[in-house]
Amino acid sequence: MNRVHLLLFFFVICVFFNCAPYVKKMRKDNLVRIAVVCGVDKVDISGIKDKKFYKNRQVLLNDAFPLYFSPNKGVVLVNGKKYRGNLEIRKTKEQIWVINILNIEDYLKGVVPCEIGRISQAIFEAAKAQAVAARTYTWAHLNQYEDLGFDLYATIRDQVYTGMSGENELTNLAVEQTKGQILTYKNTPIEAKYHSTCGGRTADFNDAWTGNAPPYLKSVSCSYCKNSPHYEWAKVFTKREFFVNLRTELKKIGKKIPGGELIKNIKLIKNRKSKRVLKLVVITEGKEYTIPGYHIRTVLGDKIDPGGLLKSNYLTLRTKGDKVIIEGKGWGHGVGMCQFGAIEMARQGKNYKQILYHYYSGTRVKQIK
Ligand SMILES: [Zn+2]
């Protein structure tokens, strides 16, 4: 093999390996299946079924499932809400589930505005960064709920998706201008985590979850989210409220402190780099109860917080008189892209790749199709 052949050989091998991770997951027409309605006993559908148009056809539990509806003039309606693509209506666990099946690029048009919020031309690059992050997340989670017959939920559990009702011109353009681009690490789509506001420094993967931490999800500084309403926050409890709450929440995660056992102290053990709380240690007379990082937001959260979760685990705890004060920074798990940070980076003239590379260390944007 001479040098030219050798180079050609390497070229072919590289092309082959570059494509391999994506080809495995490619589907016809790049379709994705989104659960837009989960576990109800009736739903209204408009669309074409067996070549006939139905307007607000009520689907009930005694229908013959699965049912398929295709779009009329480009849209199907679910309880009056417009969606692109087709619908599959299934009966799972004795309830009705509506699955919206559509092209990934069309799906993203309904995700990006929900995830990044209101944007303008001045922060357009942030919408493009969000489009690439959301596309990457989608590709990495295909077949996620195979037993239930779909890929992603249309909620915060995966990515918020409201169909055509959420779309706007600028975010659609952001999806179109980044068409087929995903973020990769060593030629594999990354786990593109993102959150509202980091509070000055993003979190390490293990500050939020257990398991192997991907090398690109490590804490980086972020001087861009200071304008976020969630940059700094405080929660004040009376000592009584705080300790009653603490005992109740601890019990829920299987750490019951007997009624007579007094809580003497609470220690926070932090990640020195990211400043996130890794462990919360409750010290009673003679005993210690350790709560791992990913439970701290549940244990210190209360009913008025969204999902019962404290805004973040980037916090300090102090007492003043009969009060317990939690002072925190940021909103969300803090891992990966900080959305308020991305918006400010765009405002300061950074492009979408610079934004993504800042928050996901060592990654590369690649074209999948
Ligand atoms: Zn930030």
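Nearest 500 deg cm²/dmol is fine: what mean residue ellipticity at 222 nm does the chain get from its DSSP H runs of n ≥ 4 alone, each adding -39,500 (n - 2.57), divided by its residue count?
-9000 deg cm²/dmol
Rank these for me by crowding, ARG33, ARG247, going from fewest to most other beta carbons within 10 Å. Please list the in-between numbers first.
On the way: ARG33 23, ARG247 18.
Exposure proxy ranking, most exposed first: ARG247, ARG33.
Whose amide H sits under 5 Å from the amide H of PHE150, counting only residues 5 or more places off or on another chain, with H placed in the peptide plane?
Amide H to amide H, under 5 Å and 5 or more residues apart or across chains, PHE150 pairs with TYR145.
For the range 285-299 and the range 147-221, compute the distance between their C-alpha centroids and round to whole Å.
Here the two parts' Cα centres lie 29 Å apart.
How big is D, in µm² s⁻¹, for the chain by Stokes-Einstein at 37 °C and 0.692 mPa s if Rh is the Kirkwood radius over C-alpha pairs?
For the chosen part, D equals 143 µm²/s.
Per residue of the range 87-96, what does 6.51 cos²θ - 1.76 cosθ + 1.60 with θ = phi - 60° give for ³J(HN,Hα)? Whole Hz please, x for Gly and Pro, Karplus curve as stated.
Ordered by residue, 3J(HN,Hα) equals 10, 10, 10, 10, 10, 10, 6, 6, 10, 8 Hz.
Could you calculate the contour length gain from ASP302 to LYS255, that is, 0.36 nm times the residue separation minus the distance between their Cα atoms, to one decimal place in nm?
Taking ASP302 through LYS255 to full extension adds about 15.2 nm, to one decimal.
Name the residue from LEU173, ILE266, GLN130 whose Cα lies farthest towards the positive end of the charge dipole of the chain, charges +1 on Cβ of Lys and Arg and -1 on Cβ of Asp and Glu.
Of the listed residues, the answer is ILE266.
Treat every Asp and Glu Cβ in the chain as -1 and every Lys and Arg Cβ as +1, leave all other atoms uncharged, and give the resulting dipole magnitude about the Cα centre to the nearest 20 debye.
In total the dipole reaches around 640 debye.
Among all the aspartates and glutamates, which ones have a C-alpha under 12 Å from LYS235's C-alpha, if same-chain residues fewer than 8 places away are not counted?
ASP302, ASP305, GLU327
Per q in 0.13, 0.17, 0.19 Å⁻¹, report the Debye log10 I(q)/I(0) for the range 232-329, using one uniform scatterer on each alpha carbon and no solvent.
After summing over all Cα pairs, the log10 values are -0.41, -0.73, -0.94.
What order do you get for 125-133, 77-85 when each peptide is scored by the mean count of other beta carbon atoms within 10 Å, highest first? Mind showing how you got there, number by number?
Values: 125-133: 28.6, 77-85: 18.9.
The peptides rank, most packed first, as 125-133, 77-85.
Order 346-355, 292-301 from most to least packed using the mean count of other Cβ atoms within 10 Å.
Peptide ranking by packing, descending: 292-301, 346-355.
Using the Cα atoms of the range 29-179, I'd like the radius of gyration and the largest Cα-Cα distance, Dmax, both in angstrom.
That works out to 15.5, 52 Å for Rg and Dmax.
What is the local net charge at ASP305, summed over the other residues whose Cβ is closer than 10 Å to its Cβ (Lys, Arg +1; Asp, Glu -1)?
That works out to +3.
Report relative contact order for the chain in percent, whole number only (criteria: Cα-Cα under 8 Å, sequence separation at least 6).
Result for the chain is 17 percent.
Restricting attention to the alpha-carbon atoms of the range 145-230, what are Rg (one decimal) and Dmax (integer), both in Å?
Rg and Dmax of the range 145-230, Cα atoms, are 15.9, 43 Å.
According to a simple spin-label model (label point 7 Å from Cα along Cα-to-Cβ), what is the distance in nm between GLU241 and ASN351?
5.0 nm
Output ³J(HN,Hα) for the range 158-167: one whole-Hz value per residue in order, computed from phi by the Karplus curve 6.51 cos²θ - 1.76 cosθ + 1.60 with θ = phi - 60°, and x for Gly and Pro.
Listing the rounded values in order: 10, 9, 6, 9, 10, x, 5, 4, x, 5 Hz.
Of LYS264/LYS311; LYS42/LYS82; LYS267/LYS320, which sit over 23 Å apart, Cα to Cα? Spell out each step's value before the answer.
Details: LYS264/LYS311 25 Å; LYS42/LYS82 18 Å; LYS267/LYS320 16 Å.
Among LYS264/LYS311; LYS42/LYS82; LYS267/LYS320, the Cα-Cα distance tops 23 Å for LYS264/LYS311.
If neighbour count is taken as other Cβ atoms inside 10 Å, put TYR359, TYR289, TYR224 in order from fewest to most. It would help to have the intermediate numbers written out before the result.
Values: TYR359 28, TYR289 17, TYR224 23.
Sorted ascending by nearby Cβ count, the order is TYR289, TYR224, TYR359.
No value in this document is a laboratory result; all are computed from the given coordinates. Nothing here was measured: the structure is a model prediction, and the numbers come from that model. For neighbour counting, all protein chains shown are included, and Cβ atoms are generated from backbone atoms with ideal geometry for every residue, glycine included.
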